[in-house]
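All remarks here apply to the structure that follows.
Derivation of every value follows stated rules applied to the coordinates shown; laboratory data play no part. Note that the structure is a prediction, hence the values are computed from the model and not measured. Glycine gets a Cβ as well: all are built from the backbone with ideal geometry, and neighbour counts include every protein chain shown.
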Amino acid sequence: MTSTDLPPVPPEPDRLTTPDGRGIAYRRVPGRAPGVVFLHGYMSTMDGDKALALERHCRDRGVAFLRYDQAGHGASSGTIVDATIGGWVDDAVAVLDALTDGPQILVGSSMGGGVMLPVALARPERVAGLIGIAAAPDVFAERFASLSDEDRRDLERDGLLRRPSRYDPNGYVYGRALLEDAPRRCLLGGPIAIDIPVRLLHGRRDEDVSWETSRRLADALTSDDVHLEVIEDGDHRLSRPQDLERLLRTVDDVRDLAGRATRYRAR
């Protein structure tokens with residue numbers, strides 16, 4: 001199956017209603033397994049450069065692909081102020097269960113790189129590999145811990161905090177629900193029992209999430225097949241043409257490893 005054999009992309013995304021009643025907008029490309037699922041970053045959407053590059057790549061190779069908007073983002077239901085890590089994880093598990101078949105490679109960007117970890121822990125029989133792009137586990141908990149007394153008063157009064165962002169002229173919004181939920185979702189303090197191939201890509205010039213977060217993650221994972229690649233001139237987004245090429249090569253490598261492991265277990 002090639003991209004010319006597939007139906008055109010519809011103008012509006014499909015929607016999944018999760019067990020918790022949230023409406024999750026998604027786009028799915030049929031194809032063979034292992035499939036690829038993309039989890040976008042905070043205040044981003046499924047229509048970013050990395051997601052679209054991955055979709056084209058998978059379409060051209062006849063590989064199943066899924067991208068979706070996290071709750072409070074894009075075309076999905078909810079607001080960013082009410083969203084939590086726990087809710088995003090629950091939604092990702094629901095998406096995996098309802099919309100994919102067979103082994104899947106999860107590709108998580110920034111916040112999505114944090115969400116993919118508990119999903120892999122919840123569905124070890126379905127997740128065959130992980131790829132983190134500036135993965136950001138524990139990042140919201142660390143931001144909550146560093147709030148000043150004034151910030152905490154503002155958060156209690158308004159239910160949210162606003163911070164300037166180089167990516168959005170309106171700045172970023174952090175809801176009280178997210179910041180209060182985050183400390184309960186930390187993973188980097190102990191072993192993370194994930195024993196599948198993991199590849200971590202991180203820019204050394206990342207000013208939003210330090211590359212050392214990926215180093216800490218690599219150290220915490222129990223898998224004996226974890227590789228961290230630090231891109232010396234890379235920033236947080238890693239969306240330049242050379243970054244996207246690196247990502248696509250990494251996806252192909254992890255899919256190949258996962259496919260061989262699946263064939264071996266099937267013997």
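Using the Cβ of ARG216 as centre and a radius below 13 Å, the other residues enclosed give a net charge of -3, where K and R count +1 and D and E count -1.
Between GLU125 and GLN242, the distance separating the two model label sites (each 7 Å from Cα on the Cα→Cβ line) works out to 4.4 nm.
If you build a Gaussian network model of the chain, linking Cα atoms that sit under 10 Å apart, which residue out of ARG28, ARG185, ARG143 swings the most? Most flexible of the set in this elastic network: ARG143.
Could you tell me what percent of the DSSP beta bridges with both partners in the chain are antiparallel, to the nearest 5?
Values: 12 of 39 bridges.
Close to 30 percent.
Placing +1 on the Cβ of every Lys and Arg and -1 on the Cβ of every Asp and Glu, with nothing else charged, gives region 1-146 a dipole about its Cα centre of roughly 320 debye.
The longest part of the chain holding none of the exposed loop GluC sites (Glu not before Pro), meaning those outside H, G, I, E and B in DSSP with at most 14 other Cβ atoms within 10 Å, is 1-124. Charge dipole (Cα centre; +1 on Lys/Arg Cβ, -1 on Asp/Glu Cβ; no other charges) of region 202-267 amounts to roughly 520 debye. Within the listed set PRO164, PRO124, PRO191, the residue fluctuating most in the Gaussian network model of the chain (springs between alpha-carbon atoms under 10 angstrom) is PRO164. When the Gaussian network model of the chain links Cα atoms closer than 10 Å, the mean-square fluctuations of ASP47, ASP195, ASP168 top out at ASP168.
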